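These notes concern the structure reproduced below.
Read-outs: derived from the displayed coordinates by stated rules, not from any lab. Just so you know, these numbers come straight off a predicted model, no measurement behind them. Every residue, glycine among them, receives a Cβ derived from its backbone with ideal geometry; neighbour counts consider all protein chains shown.
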Amino acid sequence: MSDSAGDGKLEMKQASKEVKESENVAEKYSAMTVSKNSDMSMGDLSSAFTAVTTHKPVKKHIQFVDDKQEFSKFPTKTGRRSLSRSVSQSSTDSGSSAASYTDSSDDETSPKDKTQVNSKGTSDFCVKDIKQAEFGRREIEIAGQEMSALISLRKRAQGEKPLAGAKIVGCTHITAQTAVLIETLVALGAQCRWTACNIYSTQNEVAAALSEVGVSVFAWKGESEDDFWWCIDRCVNMEGWQPNMILDDGGDLTHWVYKKYPGVFKKIRGIVEESVTGVHRLYQLSKAGKLCVPAMNVNDSVTKQKFDNLYCCRESVLDGLKRTTDVMFGGKQVVVCGYGEVGKGCCAALKALGSIVYITDIDPICALQACMDGFRVVKLNEVIRQIDLIITCTGNKNVVTRDQLDRMKNGCIVCNMGHPNTEIDVASLRTPDLTWERVRSQVDHIIWPDGKRIVLLAEGRLLNLSCSTVPTFVLSITATTLALALIELYNAPEGRYKQDVYLLPKKMDEYVASLHLPTFDAHLTELSDEQAKYLGLNKNGPFKPNYYRY
Amino acid sequence: MSESVADAKLEVKQASKEVKESENVAEKYSAMTVSKNSDINAGEVSAAFTAVPTHKSVKKQIQFANPEEKQEFSKFPTKAGRRSLSRSISQSSTDSYSSAASYTDSSDDETSPRDKSQTNSRGNSDFCVKNIKQAEFGRREIEIAEQDMSALISLRKRAQGEKPLAGSKVVGCTHITAQTAVLIETLVALGAECRWTACNIYSTQNEVAAALSEMGVAVFAWKGESEDDFWWCIDRCVNKEGWQANMILDDGGDLTHWVYKKYPNVFKKIRGIVEESVTGVHRLYQLSKAGKLCVPAMNVNDSVTKQKFDNLYCCRESILDGLKRTTDVMFGGKQVVVCGYGEVGKGCCTALKALGAIVCITEIDPICALQACMDGFRVVKLNEVIRQVDVIITCTGNKNVVIREQLDRMKNGCIVCNMGHSNTEIDVASLRTPELTWERVRSQVDHIIWPDGKRVVLLAEGRLLNLSCSTVPTFVLSITATTQALALIELYNAPEGRYKQDVYLLPKKMDEYVASLHLPTFDAHLTELSDEQAKYLGLNKNGPFKPNYYRY
């Protein structure tokens, strides 16, 4: 096992850019859950993990926000497990009052050592506590309400059972939203075995609820590195059962199967991968000629991209800032670094609230877009002395340097909405002349010798992951895309997909969108036969050429 | 010659979709010109051609927009419909309402320029324009255009020493307007020899053609050419003893077509074709598919910057401008339906929302529909809201989006207009029935009156509102012209083998360069990557900054 872990590290180095970007991303993940009859103590409710960034991923600090406990030995997994920028992977709720966690601290026995049986007498699962199933069921039901697209997919395809005979192994965050996806797959005819792609993100009660209804889940919150691979192995390696589809988030499951059970790939019809990192690893495999089954890249589908970046950030920038600082936006001078999808979202939201927004960008096309949208394009140094708020969303490193932090005015708020936690040079602020004062969870005041204070949010990590929630609706887009990708790959006629990485066909992408329209009571117009002929289109889509930019 | 015209028609049929869409587009083109010492009489000042759409392109009617005149001709060369097929607005602007507009009309001189012998001040007579004496006036036009085309001027300055086009011989076929003149003179400044002709029989600004000829650019074009004149001009442009073109700059594909038919040998020397229109690009792809394309071609129509400006940004402004000029409508609180949420639709909706209109969308594409939802617009079917809307704007590219049955149900005073591709979106033909009365209340504005007295306000007879009733800013044309200039430089200087016999998109780096040349207009200051940052991102410090599939 250590052998393959070593291999994994080697491969990480190859997967240069994305991985490098996110190696140090201190991540926490926990879907928002509404607990009404939680049986846990209040002290555990808002525990959140925050890893201090160091450039060596070996040593990480964890802080419990409430009790400020610090550990210094921490499995190297954290940095690596959820590398993708994809918000569908990661949400938190430190600020959310309705949040709850089923924490493990009240029971020190590892789930590996416990024998549990569900009410049907099955014991082919491994979760924290099967008795939490009922509570988890409620969580799933709540999530289902916001995921009407999946529910309607379930209804539409239930008779047909497009996944009948499919045996899916999955490795994703295990949350109420994922549970809705898994149960949809089951309703469509699939057999599922599931494990977690992140050692912290599992909602124990949801894992229990899934196990209770017969899905084999191997996951709990707070796994060790060793547990993590053990769970994956248990998931794949079952006598008399061989998977024919893989659903992966981050590429660890795929990696494990490649290393340990290459024979399994003879039966696999396809891999569906949703994260940036996982997709990158698949492209590497494909380049090396080692990919022996078709794979579907759902990360880059139009709908998912727009929701993960533009729409989600447009809301979370305001949410995150309000929760942490209670700042009023009207008339404030804001610099947004980077005018990509995330930057466009942030600017739209801030402008709507009356802020004066400046942009910095390196790409002239995006800069020109900013001009045409009515934003001043400046270099950061030109405005650094006068701004009230600075938001980075470039994906780059050292966008805000110590030199610039030194020149900011008193009370300036500094935060990051971009890829990694490298955008703000936070390390440069850890010098003896500056005093750090934690004023709230995720909020630090950094005090200069002359008394000037800078407000640093989430220690430069992603504001939208650390200080605001990801709406279930956004996760619904991802989950629906995943489900359709599985159906497409499983039912594709021999030869449609070769041993390569594919984007989701545009028609499927359009179908994902159309399943979400009823939420808005939106009524799509249909082409008449005559119009379809005139445009040279099929009445049912796809409606746009592949290069269309939306 | 008649043979090749027939050929051209054949090819038009092949170039199915785009051409079909626009076959009936009644087009007028004339760049905005500011005349201070125009010597033409006022009656001709706002003459504009509007062809009534019929499904046979043979018979077209022309109306002089100036309401007093209302002259109508029924014989009209078939060229009109065809010449400017592209949706590209860079091709077409009008100024029927612009007070500062002027035309150098030909009616005061009936001699065809072909029969006149003219010489410029340097004794050169290798050109054919309406009247070389208008050169001075044209020069002023060009100077005015230059003020808004600072990107081209700065390109001129940056590359003047280097002369990247030295030795190039460019034949061009575009609209001949002050903006094009700035482009042509930039090419000349960069070392090119240019011969130019018009891609549209109406769009030429005679005084600009004169000014170019005066400077030694061989221009063959005048406003109001006949079909025969059109091909004669192209031929004169290409066919000159002792001179052979090595670059083609085309708009619509007619020049390329002519060279293919008549002078296939010229292609041996041609290093590349630059094409800016949808139609021309389509024809190139057809050629390429048939294996007949024997030189590299550059499709500048689909470059990011040009697309955004031609559609999103331009329509965002012209929708308000066009509606205000024609109807003086107030937008606040009005219920508006925008059919189609593509780039044009997005632009229209942004502008209308900003003025307080209540905007609904109709869409066929679920992805665009979802975008509309997330942007806060109700997505409806047209029939659901037809009885309550005040304004309908079509921008789908489709046909019969608004049909007679829906027009029947609209409320009194509803404004109907089209911002999309062609004039097929609103079923205007269905309104030409005896029980309905048409009343022209202003140029480009018709009231259609139902027997019960209900009026529907139809703008530009269903043709493109932004072409018929508003102007295209020079800044937008500057984007196109700069893109063309860079495409020519790229193709001319590309090392052997970089481009094969195929149709290429402008390299992203060039696209970015076009954008960067326009940033000084906004006093925008681009941030530069440090070496360390560039390495971290795996990018070159000078771009390209985004992967090809990036959606912007």
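The table below gives the values:
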| item | result |
| --- | --- |
| Two-decimal Rg/Rh across segment B:356-432, once Rg and the Kirkwood Rh are taken from alpha-carbon atoms | 0.96 |
| Computed E for A:Gln499/B:Asn548 - FRET, C-beta separation, R0 30 angstrom, nearest 0.05 | 0.80 |
| Rounded D (µm²/s) - segment B:445-552, Kirkwood Rh over Cα pairs, Stokes-Einstein at 10 °C, 1.306 mPa s | 86 µm²/s |
| Shielding by partners, peptide A:525-535 (average Cβ within 10 angstrom, other chains) | 5 |
| 25 °C / 0.890 mPa s Stokes-Einstein diffusion coefficient of segment A:394-471, Kirkwood radius on C-alpha pairs, µm²/s | 193 µm²/s |
| Shielding score for B:343-350, defined as the mean number of other chain Cβ atoms within 10 Å | 1 |
| Local electrostatic count at A:Lys344 - Lys and Arg +1, Asp and Glu -1, tallied over other residues with Cβ under 9 Å | -1 |
| Overall Cα dimensions of segment B:468-520, principal axis frame, Å, largest first | 45, 28, 15 |
| Exposure proxy order (Cβ contacts within 10 Å, fewest to most) of A:Lys290, A:Lys507 | A:Lys290, A:Lys507 |
| P(r), alpha carbons of segment A:214-372 - 5 Å bins starting at zero, rounded % | 2, 8, 13, 14, 12, 10, 10, 9, 9, 8, 4, 1, 0, 0 |
| Footprinting exposure proxy for A:Arg234, B:Arg158 (fewest neighbouring C-beta atoms within 10 Å first) | B:Arg158, A:Arg234 |
| Distance-filtered residues of segment A:400-415 - backbone nitrogen under 16 Å, label point 7 angstrom along A:His445 Cα→Cβ | A:409-414 |
| Amide hydrogen neighbours beyond the local backbone of B:Cys414, cut-off 5 Å, H modeled | B:Val457 |
| Gap separating the Cα centres of segment B:521-552 and segment A:238-304, nearest whole Å | 32 Å |
| q = 0.16, 0.24 Å⁻¹: log10 I(q)/I(0) that the Debye formula gives for segment A:167-224, counting C-alpha atoms only | -0.39, -0.87 |
| Size of segment A:289-424 as Cα extents on the principal axes (Å, biggest first) | 57, 31, 30 |
| Residues A:Cys412, A:Cys393, A:Cys292, A:Cys347 arranged by fewest to most Cβ contacts within 10 Å | A:Cys292, A:Cys412, A:Cys347, A:Cys393 |
| Residue (of A:Met408, A:Thr431, A:Val443) at the positive-pole extreme of segment A:400-448, dipole from beta-carbon charges | A:Val443 |
| Kirkwood Rh in Å, taken over all unlike Cα pairs in segment A:221-280 | 12.2 Å |
| Diffusion constant of segment A:110-212 at 4 °C, which comes from Stokes-Einstein with the Kirkwood Cα-pair radius and 1.567 mPa s, µm²/s | 92 µm²/s |
| Scaled radius of gyration (Cα, divided by 2.2 N^0.38 Å) that segment A:322-378 gives | 1.10 |
| Pair A:Ala427, A:Gln333: separation of 7 Å Cα→Cβ label points (nm) | 3.1 nm |
| Residue-averaged beta-carbon neighbours from other chains (10 angstrom radius) around A:503-513 | 2 |
